[in-house]
Structures are given as structure tokens and as C-alpha cells.
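One structure coming up, written as C-alpha cells, with questions to follow.
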Amino acid sequence: MRRLITRVPAPVRQVMAKLEDCGFPTYLVGGPVRDLLLGRAPPDWDLATAARPAEVLDLFSETRPTGLRYGTVTVLQGGQAMEVTTFRTEGDYADRRRPNWVSFVPRVEDDLARRDFTCNAMALDRHGSLVDPQGGTWDLCRGVLRAVGDAAGRFGEDPLRMLRAVRFTAQLELRLDPATRAAIGANADDLRSVSTERVRDEVVKCLLSPRPAYAMEMFRRLKLLPHVLPELAEGIGVPQNEYHTCDVWEHSLLALENAPRDLVLRLAALLHDVGKPRTLSVEGGHRHFFGHERVGAEMARQALERLRFERQTTEAVVRLVRDHMALHLRPEMREAAVRRLISQVGPENVPALLALRRADRAAKRKPAPGVGPEPEDLAGEIERIMGEGTAVGLKDLAVDGHDVMAATGLASGPEVGRILNQLLDEILDDPRRNHRETLLARAREIASRR
């Protein structure tokens, strides 16, 4: 254990030493200790100390009073920021997020007893000695996430800890202790009292974890899904067509697991088929989901707006869900059809749609003949066309609206836009026509016939 302290940045060890030299026992606590034990790089550094906030403020020149009510001061040392919190115990959580009161205590063991999970209830002193009264080290060795003390009590203090439990199992590749798991299932409805923003932030962390599909499945098993993304629950047990071996829910999780580690892509993979249960029809013994991409896009918008995702993220996900069927080309389609496809979805959106298609196809687990070339083949064709500089959008035309108005005498308005769109449509058929004089002549011809 002593070698762990050598992996702590020098500025953090300097702050620990200064507090200790002034008579205040000080420890590295919580997540950083856990991460060091797991061989991970801690994203931040938290210290707990016997020093009171006023004493911490006096000892260090660069500080921020970030949470004095709860005993926390942010100390900046050598370019490193760290939170320094006085050893404390806590009262009840009336708002189910923060304690009504805190009481400063002299021993780190009392401080560790108030924490959420045993793996977060360990402390490391500046010499590398570990303090572990809750058995966090043993739980990590067993690959178990266990609540400190009474699990129901911990979740009653702050129900968000139930989502945090799932997130930690996904991030750290742990499994839930049976008592902790049972307490989550029994208290899942308490998640209603948690703010939307806090729920969203935990969902994001789960989606960006090494095991996003596992996290979503745990939400389902622990009865948390109705309080997070109830739209997804509609797909549980809904069979698909003959090209799929999984139901809608399972397929969505497999697509999520195969999506790159990008928030927009993972949200889109999770939600791409969310509209299928509402569009299911059966004809001649075959199951169809006509228009599920349009219904799903609207459902995705409602879900992400409810969770208060930023608008840019929401719009990007909605666009991917709406267009995720667009790249299902047939091999016999002409090159002009590929150009139209690129124009339809926007060349800037093609890479994300291809990534989503790869994840979607990987989630089928069964060959699907007749639905088009593999994404790599399609990507190669698209890259070839785009590499040729072929016009695929209005901005690629050799003329613009001002040129059309000057050539036709038309005033600015919808008619100019219609002419430009017709010119683009013709260019998609024959890119060789994308020359200024050719297009201006064609614009005059179109205008004269209207």
C-alpha cells in the first residue's frame, strides 16, 4: 500500500504534509484512493483533515471557499486544485440530497462511516498507510459494490445513490452486493424526488462507461428504467422481423454496446428503434415497423428534452434517429442515388450515420440479405463521390441566390429557392452540368416557364 502514495501528485502531497506538520491529521479519501487501488488515474483529488475550514483558509494562500457550510475549501497548490474537507458526521437529509447539518469530528474513521459505498470509504495518509474500517479493499478484491452500513438508509439519504451504484458497477466493472441490490429495487420509486439534471448527469456517465448496455439493463432489472427513460421500456419483449434474433429492447442494448464512445452516437444507438413498438403492424405473418424512424425521432426529442439535455445534443440525436434508415441502400442503386442520399442527410452527418449503421447491423446477430451493402462498402462509395468534389448541396452549386436573381430578374423569395433546388436536383443526376453559365441559362429557362 505504501507505494500508492508515490502516485499522488507532488502538490497534493505537499498540502497533506503542511496540514500534518501543523498538527492536523490529513488523508487522501474517497474516489482517488479507490482508483489508485484499481490502478486507475484519479480525475480529481479529495482530502479530509482535522483542520477546520478557517484554519485551512489561513494556512494556504490560494483558496476558494467552495462549501464552508459543509467544511469544504478548495486549495490550489502548484497548479493543482483539490477539495479539502474537515472530518465530519452528518444529520438527516431533509431535501434527500444534502444533510440538514454537519458536525466536525476529530477522527477520519467517523468521517468514513457516513460515505455511500465501501470502495469510497477508504483513506490514505501521506506515508501510504491505508485506513479501511468498512472493508472497501476486500470488496474491491471480490469485485463487489456494497453500501456502507444499511443500504436502504444510504439510499434514503439521497436516492441518486441508486443511479450512482449502477454507474460505479459499469465504470469499475463491479457487481452489486445482494443487500445493496435489494435495497435499490425496493426504493426505486424514491428516484422521483431527484432533480432531472442530476439524473441526466448519471445517465451520461453510464452511457460513456465501458459497459453502457450493462448499465441500461441494470436500470431495467432494478426498476429504475421507468424513472430514467420509460420510452425504452415499451420495447421489452417486443419481437422484431425475421432479420433479428432479439427483441427491440435487446437489440437497442446491443447497438449501444457496439457504438463508439461518443455521447451523441450512444444516445442515438440506444434510441434508434424506440419508435418500433408504436408502429408495429403484422401483414401476411410478417412484422413491420413502417415509419418507426419518424415516430422514434419525436420520442427521442421528448425524452431528451425531459432530461434537459442541451439543445445541440438533442438535435444531433434526433437527426440520427430520424435518418438511421437512410443508409440502407441496395447494391443496384445508381451513383446518382448515392449522391441524392448524401444530399438528403447532409455530408456533415454521413460519418455519424455510418457509425450508427455499423452498430445497428452488429446488433442484428443474423444476416439480413437484401438490405444493402456493408457500411464499409457504402462508406467507400460515399468517400469516393465526396472526394471528387461533386455537388451534393446548395452551397456546392456554381451559382447562388444572388446570381439567380440577377439572371432572371426575380426578387428575393421562395421562387429563387425553388429554382436553386431544381438546379441541385439536376446536378445530382449529372454533376458535369455544375458550371456557372450552364446553370444561369437553365435558371432563366426555368423562370420563363413559371
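Please arrange H286, H435, H272 by how many other C-beta atoms lie within 10 Å of their C-beta, fewest to most.
In increasing order of surrounding Cβ atoms, one gets H286, H435, H272.
Over segment 237-353, what is the relative contact order in percent, taking alpha-carbon pairs closer than 8 angstrom and at least six residues apart?
Taking the mean separation of contacting Cα pairs over the length of segment 237-353, I get 20 percent.
For segment 176-251, state which trypsin sites (Lys or Arg not before Pro) are in a DSSP loop and have at most 16 other beta carbons lying within 10 Å of their beta carbon.
Answer by residue number: K223.
On a C-alpha basis, how far is the centre of segment 143-188 from the centre of segment 235-265 in Å? Whole number, if you could?
26 Å
Identify which of the listed values of Cα extents along the principal axes in Å was calculated from the structure shown: (i) 61, 45, 37; (ii) 67, 62, 50; (iii) 90, 57, 40.
Step by step, Cα extents along the principal axes in Å for this structure corresponds to label (iii).
Provide the FRET efficiency to the nearest 0.05 for the R432-S412 pair, computing r from the beta carbons and using R0 = 22 Å.
0.15
Here is a follow-up. Rank these for me by crowding, C206, C246, going from fewest to most other beta carbons within 10 Å.
C246, C206
Kindly rank 163-173, 233-243 from highest to lowest mean number of other beta carbons found within 10 Å of each residue.
163-173, 233-243
Amide H neighbours of R175 under 5 Å, counting only residues 5+ apart in sequence or on other chains, H built in-plane at 1.01 Å?
V144, L145
Quick one: order D247, D21 by neighbouring beta-carbon count within 10 Å, fewest to most.
If I rank by nearby Cβ atoms, fewest first, I get D21, D247.
In degrees, nearest 10, range 0 to 90: what is the angle between the Cα axis of helix 160-172 and the longest Cα principal axis of the chain?
Helix 160-172 and the main axis of the chain meet at about 80 degrees.
Sorted by packing (mean other beta-carbon atoms within 10 Å per residue), highest first, where do 147-154, 74-81 land?
Top to bottom by mean Cβ count within 10 Å: 147-154, 74-81.
Using 0.36 nm per residue of separation minus the Cα-Cα distance, give me the extension gain between S129 and E173 in nm, one decimal.
13.3 nm
Let me ask something else about it. Tell me the relative contact order for segment 143-228 as a rounded percent, counting alpha carbon contacts under 8 Å between residues six or more apart.
35 percent
Right, next: Which net charge results when you count Lys and Arg as +1 and Asp and Glu as -1 among the other residues whose beta-carbon is under 11 Å from that of E217?
Summing Lys/Arg as +1 and Asp/Glu as -1 gives +1.
Could you tell me the relative contact order of the chain? Use alpha-carbon pairs under 8 Å, at least six residues apart, and round to a whole percent.
8 percent
Values quoted throughout were computed directly from the atomic coordinates according to the rules given, and no laboratory measurement underlies them. Since the model is a prediction, treat every value here as computed from it, not as a measurement. All Cβ positions, glycine included, derive from the backbone under ideal geometry; neighbour counts span all protein chains shown.
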